[in-house]
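A.B. asks: This structure is in structure tokens; I'll ask about it shortly.
The values are calculated or read from the model by the stated rules, or taken from the named source; none is laboratory data. From a predicted model like this one, the values you see are computed outputs, not experimental measurements. Because the Cβ atoms are built from the backbone with ideal geometry, glycine has one as well, and the counts that use them run over all protein chains shown.
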Amino acid sequence: MPSTKIFGKHDIPKTGQTTSYKTGDDGTYQAGSKANPRFVDNGDGTISDRVTRLMWVKEPQKIIPGASVRVDNQMQSAKGDWATSTVYAIGDVVRDAAGVNAVAMNISAASAASPCVLTVDNLQGIKTGQMVLINGITRNMGTDILNGHYYYVLVNHTAKTLTLYSNAYCSIAVDTTGKTYTSGGTSIQNKFYVCPVAHTSGVFADDITAGNWRETVWTASAANLTTPSAMAWTPTGGDGDAINNCEALDYAGKQDWRLPNVKELMSIVDYGRYSPSIDPTFFPNTQSLYYWSSTIYASNTAYAWNVVFYHGGVGYNFRYHAYYVRPVRQY
């Protein structure tokens, strides 16, 4: 059966479905490119798609910013928190000791609105597009409303307010007496540093100046290297800008990385799999959650399109939400 062509140039990828549930369905014909293998592991942390001619970052959480192209850049071992007098190898990850531990902060007011706005006594370690864990917030009548849930936040450092998204709704005034939110730990994107050169640590600040450590926004934990970082599409200030992080990326000897558009991102969905709906051999540790595309939602430009790699569905949401990111480039 001849394959369908895009503008007579590239084949359309197969969906990945190989089981037929009714004669004439996708599994019956398995239409699409016959390229075999479709994906090629380049051995430098990138995956090439022979059908779409796109190159993808294999595991974004393993990115070493600006490091030379070598296989051991992808074979990282986490060392956890920063420690002195320790020998570090290429690829080790540490966490800055300043402002990363969980800190309880008092909430003085909470609006009866959607989204809910909290006024707090300080905003240590919190930046726009990150997540906070809300503890013990109750309605005046004593009903639990926000307790124990994570919320993406829009931060106003001047007013010391947190605007809570992720469907945070306070229908009436809430009891804030003695209540807190928690920041730091693994609940939000912290400052992590990756080691591009082997060395014995000295003074952290001196080692950074010497180029022994480079800050990375791509990992969400120094305890392991299987969890990528989530970031907002374009937050109002602060860290976590998905587009800028991709555009600024220097990885595997390439500097033309970008955030994929929604069709490009859909092209690597495997509809024969779920949780995650992607080939785990070439894209290990993909989160079964939302990944940003660079495509704006045309009817409301405050939104952008995303792909959910639990089942391969496509949706859109406000651009301040923190979702996962997989950089791409054409080759």
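A.B. asks: Take the residues in the range 210-224 that are surrounded by fewer than 15 Cβ atoms within 10 Å (Cβ to Cβ) and at pLDDT 80 or above, then tell me which one is nearest to the chain's Cα centre (by Cα).
C.D. replies: This residue is Gly211.
A.B. asks: Out of everything in the range 8-32 that is at pLDDT below 90 and not in a loop (DSSP other than H, G, I, E, B), what residue ends up being nearest to Arg53 (Cα to Cα)?
C.D. replies: The qualifying residue nearest to Arg53 (Cα to Cα) is His10.
A.B. asks: I'd like the full set of residues that are at pLDDT 60 or above, among the small types (Gly, Ala, Ser), under 23 Å from the mean Cα position of the chain (by Cα) and in a loop (DSSP other than H, G, I, E, B), limited to the range 76-91.
C.D. replies: Within the range 76-91, Gly91 is the sole residue that qualifies.
A.B. asks: Do we find a residue being at pLDDT 80 or above and not assigned by TED's automatic domain parsing to the domain that holds Ile12 anywhere in the range 168-182?
C.D. replies: No.
A.B. asks: Are any residues in the range 244-268 under 9 Å from Val328 (Cα atoms) and exposed (fewer than 15 other Cβ atoms within 10 Å of the Cβ), and if so, which ones?
C.D. replies: Hit for the range 244-268 is Asp256, nothing else.
A.B. asks: Here are some conditions: (1) touching a Ser or Thr at 6+ places or on another chain (Cβ under 9 Å); (2) assigned to a loop (DSSP other than H, G, I, E, B); (3) modelled with pLDDT under 90. Pro2 meets all but one. Which one does it not meet?
C.D. replies: Against the list (1) touching a Ser or Thr at 6+ places or on another chain (Cβ under 9 Å); (2) assigned to a loop (DSSP other than H, G, I, E, B); (3) modelled with pLDDT under 90, Pro2 comes up short only on (1).
A.B. asks: Would you point out the residue of the range 40-75, among those that are among the acidic types (Asp, Glu) and either in a strand (DSSP E or B) or closer than 14 Å to Gly253 by Cβ (or both), that is modelled with the lowest pLDDT?
C.D. replies: Among them, the one singled out is Asp44.
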